[in-house]
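Q: Below you'll find the structure I mean.
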Amino acid sequence: MRGPDVVWYLCVAAFLFSIGALGVLIRRSPLIILLSLEIMLNGANLALIAFARHYGQGAGQIFAITVMAVAASEVVVGLGLIVAISRRHLELDVDKLSTLRG
Amino acid sequence: MIAAAWTCLISPLVATALITVSGNRLSRRGAGFLSTFSVFVSFVGAVVAFVALLGDSPSHRYHPSTLWSWLTAGQLDFGLRIVVDPLSVMMMLIVSGVGMLIVLYSIGYMDGDDEERRYFAYMALFVFSMLLLVQGGNLLMLLVGWGLVGLSSYLLIGFWHERPEAIAAAKKAFVMNAIGDATMALALFLLIEKTGSLNFEQVFLAAPSFSNWTANLVALGLLGGAVAKSAQLPLQTWLPDAMEGPTPVSALIHAATMVTAGVYLIVRTAPLFEQAPKVLELAAGLGAGTLLMAGLIALVQTDIKKVIAYSTMSQIGYMFLGAGIGAYPDAMFHLMTHAFFKALLFLAAGIVIHSLSAEQDIRKMGGLRKLMPLTFVAFLVGSLSLAGIPPFSGFFSKDSILASLLANGWYGEILWVAGMIGTFLTGLYAFRLLFIVFLGEPSPFVREHFHALKRDLPGLSMAIPVGVLTILAAFGGWIQFADVWTPITDWLSPVAAPIVEASGTQEAVSSVIAVLLGLGGIGLAWMLYGARTSEVPRIAWAQTLLQKKFYFDEAYDFAFYRPAVWLSKALARWIERPLVFGSVRELAEGIGLLGRDTSRIQTGLVRTYAFAIAASVAVVTLVFVAVR
């Protein structure tokens with residue numbers, strides 16, 4: 001069990017998560033937002049695996065695999081939505097998709 | 001016998017259902033014949049039941065029959081129950097027999113009306129309701145029939161629904177009757193509470209053990225119903241207005257169904273009334289008051305049907321007199337003869353109206369005797385019977401009621417005087433009508449508008465019932481001649497034995513005086529309206545009083561209608577608008593505002609949502625960290 005301390009891993013995970021979150025908040029294209037979401041998820045995964053390794057238990061790894069599965073299905077749905085939007089010849093800009101405004 | 005009675009009851013209902021369901025597939029005249037046939041079947045059923053009942057010994061003439069349990073609640077169990085006994089069979093015969101003639105007459109009278117089928121469906125329903133009322137084997141069935149009679153009368157009085165007066169009259173009849181229905185229902189509730197049943201046997205068996213209060217309240221409640229249905233004081237105002245319906249309907253209401261129901265009720269529940277003698281006396285007093293009042297008002301009426309309507313009120317007053325002093329068979333006997341001559345008068349008046357293009361104002365009529373001699377004879381027989389002139393039927397029944405009054409102490413004697421004055425008035429108004437309409441030379445209006453009945457099917461369907469009723473009105477009273485032969489009293493005595501019996505002398509004295517007074521009334525009418533040898537005295541206030549019908553409508557308007565309207569307006573203004581409307585509106589507006597404000601949070605921008613989530617997560621994390 002050699003290698004850097006768990007803190008480093010967590011720092012990288014937090015960094016990844018923040019990059020993803022910023023991407024979600026700032027970018028307008030739904031495609032990029034989906035990508036950023038993936039980055040956020042992977043940040044979380046990294047944290048999970050780091051903890052799993054740190055404590056020597058398998059639960060974190062299993063959880064990470066579950067998150068990947070969920071992420072895959074989420075991408076399917078998200079991309080499907082994007083394809084549906086572009087099929088209707090709408091602009092791919094989340095700020096324009098605001099029909100649900102109260 | 002039981003099967004015959006059920007057939008009698010169900011047949012008109014089947015006709016109603018058939019006419020309603022078949023719609024255009026049934027021709028208009030077909031509906032009329034179906035309706036008549038169904039009532040004819042009822043009549044046959046009633047006759048069969050009557051003959052079967054004759055075979056029993058008098059004390060065993062009581063046959064209840066329950067089809068199934070109709071209403072069950074806790075300990076209570078009301079069956080769909082009819083009872084066949086002398087009283088119900090007598091009523092069945094009258095209702096279906098006279099009813100059949102009237103429905104047959106309607107085929108001609110309503111010929112060509114736009115909604116004949118609806119009319120005949122209602123007529124059959126009316127007969128069914130009345131049969132249910134008289135055959136009902138417990139007070140609940142009686143009340144159901146009672147209510148249905150009210151409903152059918154509402155439907156038929158308002159039959160010409162494009163006329164606002166007809167609708168108003170129908171509503172008035174319904175509301176007035178509803179008052180009676182309510183008091184009757186209250187009486188039934190009290191009976192259920194005290195006896196746990198509404199079957200006649202149980203209730204009558206328990207009646208002697210009632211406390212004074214209970215007995216009086218029950219009797220008062222039932223009397224309220226009887227007074228409303230029979231148009232007696234003080235609930236009489238609906239009856240003259242009910243003349244807005246077609247003439248055969250008036251005949252049906254007045255002769256076979258509806259108004260006689262009150263008398264039937266008193267006779268049927270006599271054991272209950274006898275526990276409350278004061279209420280019985282009240283019934284007799286109301287009858288006397290009504291017969292005088294109606295007789296007076298009839299003197300000034302100018303509508304041919306309204307004169308007859310007031311004469312009905314007056315004659316029902318006699319029946320109440322009879323029932324109120326306990327001369328039940330006499331009351332029932334008068335009910336029967338009255339059904340004959342009143343149906344006759346209405347149907348004959350209907351022919352007059354029909355021949356004069358629906359004109360009902362007697363001031364425009366005159367001299368019809370030469371144009372329609374047969375109708376004149378029918379009308380004459382009806383009027384003589386109404387005035388109680390021997391040997392016509394009214395004489396026998398009315399005089400036995402009057403004689404029974406003499407056998408009833410000082411109260412009876414007062415009522416007897418009222419009845420005698422009524423007899424005089426009856427002769428006067430009946431023959432005023434007859435002389436004005438039929439005697440003299442034909443008036444210009446008559447000459448212009450008269451067209452005789454044709455000898456085709458509609459014409460004959462009107463002529464035949466009038467002929468049959470003329471014979472019945474002339475000779476129907478011979479069934480019973482007080483003190484000599486009394487089949488009706490004997491027949492009814494197992495159900496409603498009379499508690500007063502007039503002696504032979506009283507009968508004789510009373511009859512002679514009554515006939516003399518009746519003849520006096522006719523004589524006066526002859527002088528005033530026939531020979532016109534003397535003038536009608538002009539007393540302005542009296543005429544106004546009578547034309548305004550003793551201001552009953554105005555009094556009710558003042559006492560009930562206006563306060564009710566005033567109260568509703570006040571409530572609307574001071575309670576509803578500020579409190580109910582105000583609170584509701586404020587509440588709704590408040591919630592609406594809240595919704596508008598909160599909806600601003602929902603921008604539709606995904607990024608703001610994401611930011612909100614991220615920011616709140618950050619805040620929550622910071623809080624957790626800080627708290628630790």
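The values are calculated or read from the model by the stated rules, or taken from the named source; none is laboratory data. Just so it is clear, the model here is predicted, and its values are computed rather than measured. Please note: Cβ atoms are built from the backbone with ideal geometry, for glycine as well, and neighbour counts cover all protein chains shown.
Q: Sort out which residues of the stretch B:579-628 are farther than 19 Å from A:ALA14 by Cα, within 14 Å of chain A (Cβ to nearest Cβ) and at pLDDT 90 or above, and write them in order of number.
A: Residues satisfying the conditions are B:GLY592, B:LEU593, B:LEU594.
Q: Answer yes or no as to whether A:GLN61 is more than 14 Å from chain B (Cβ to nearest Cβ) and either touching a Cys at 6+ places or on another chain (Cβ under 6 Å) or outside any helix (DSSP H, G or I) (or both). Give the derivation first.
A: On the way: more than 14 Å from chain B (Cβ to nearest Cβ): yes; either touching a Cys at 6+ places or on another chain (Cβ under 6 Å) or outside any helix (DSSP H, G or I) (or both): no.
In short, no.
Q: As an exercise: evaluate B:LEU380 against (1) under 19 Å from B:ALA343 (Cβ atoms); (2) at pLDDT below 85; (3) surrounded by fewer than 24 Cβ atoms within 10 Å (Cβ to Cβ); (4) of a type in the set (A, V, I, L, M, F, W, C) and give the number of the one condition it does not meet.
A: (2)
Q: Let me ask something else. From the list A:GLY3, A:GLY20, which one is buried (at least 17 other Cβ atoms within 10 Å of the Cβ) and free of Cβ contacts under 8 Å to residues at least 24 places away in the same chain? Steps first, answer last, please.
A: On the way: A:GLY3 fails: buried (at least 17 other Cβ atoms within 10 Å of the Cβ).
Just one listed residue meets the conditions, A:GLY20.
Yes or no, residue by residue, for (1) in a helix (DSSP H, G or I); (2) touching a residue at least 40 places away in the same chain (Cβ under 8 Å); (3) within 30 Å of B:ASP241 (Cβ to Cβ):
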position: B:ARG532; (1), (2), (3): no, no, no
position: B:TRP541; (1), (2), (3): yes, no, yes
position: B:ARG573; (1), (2), (3): yes, no, no
position: B:GLY582; (1), (2), (3): yes, no, no
position: B:PHE611; (1), (2), (3): yes, no, no
position: B:VAL617; (1), (2), (3): yes, no, no
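Q: When you scan the stretch B:206-215, do you find a residue that is assigned to a helix (DSSP H, G or I), within 23 Å of B:VAL84 (Cα to Cα) and of a type in the set (Val, Ile, Thr), even just one? Break it down stepwise before answering.
A: Looking only at the stretch B:206-215, we keep the residues that are assigned to a helix (DSSP H, G or I), and these are B:206-209, B:212-215.
Going one step further and asking which of them are within 23 Å of B:VAL84 (Cα to Cα), we end up with B:206-207.
Then keep just the ones that are of a type in the set (Val, Ile, Thr); that gives none.
Scanning the stretch B:206-215 turns up no residue that is assigned to a helix (DSSP H, G or I), within 23 Å of B:VAL84 (Cα to Cα) and of a type in the set (Val, Ile, Thr).
Q: Sticking with this structure for a sec: For the stretch B:228-320, please list each of the helices (runs of 4 or more DSSP H) lying entirely inside it that holds at least 2 residues being over 12 Å from the mean Cα position of the chain (by Cα). Walk me through how you get there before you give the answer.
A: On the way: elements: B:238-241, B:247-251, B:261-268, B:270-274, B:277-298.
In the stretch B:228-320, B:247-251, B:261-268, B:270-274, B:277-298 are the helices (runs of 4 or more DSSP H) which contain 2 or more residues that are over 12 Å from the mean Cα position of the chain (by Cα).
Okay, residues lined up against (1) surrounded by 14 or more Cβ atoms within 10 Å (Cβ to Cβ); (2) more than 14 Å from chain B (Cβ to nearest Cβ):
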| site | (1), (2) |
| --- | --- |
| A:PRO30 | yes, no |
| A:LEU48 | yes, yes |
| A:GLY56 | no, yes |
| A:THR66 | no, yes |
| A:GLY80 | no, yes |
| A:SER86 | no, yes |
| A:ASP93 | no, no |
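Q: When you look at A:SER73, is it within 14 Å of another protein chain (Cβ to nearest Cβ), hydroxyl-bearing (Ser, Thr, Tyr) and in a helix (DSSP H, G or I), yes or no?
A: Working: within 14 Å of another protein chain (Cβ to nearest Cβ): no; hydroxyl-bearing (Ser, Thr, Tyr): yes; in a helix (DSSP H, G or I): yes.
In short, no.
Q: Does at least one position in the stretch B:548-569 carry a residue that is in a helix (DSSP H, G or I), in contact with a Lys or Arg (Cβ under 8 Å, 6 or more places away or on another chain) and surrounded by 11 or more Cβ atoms within 10 Å (Cβ to Cβ)? Even if it seems obvious, please write down each step before you answer.
A: So the first thing to find is which residues in the stretch B:548-569 are in a helix (DSSP H, G or I), and the list is B:549-569.
Of the ones still in play, those that are also in contact with a Lys or Arg (Cβ under 8 Å, 6 or more places away or on another chain) are B:554.
Narrowing further to those that are surrounded by 11 or more Cβ atoms within 10 Å (Cβ to Cβ): B:554.
Yes: one or more hits.
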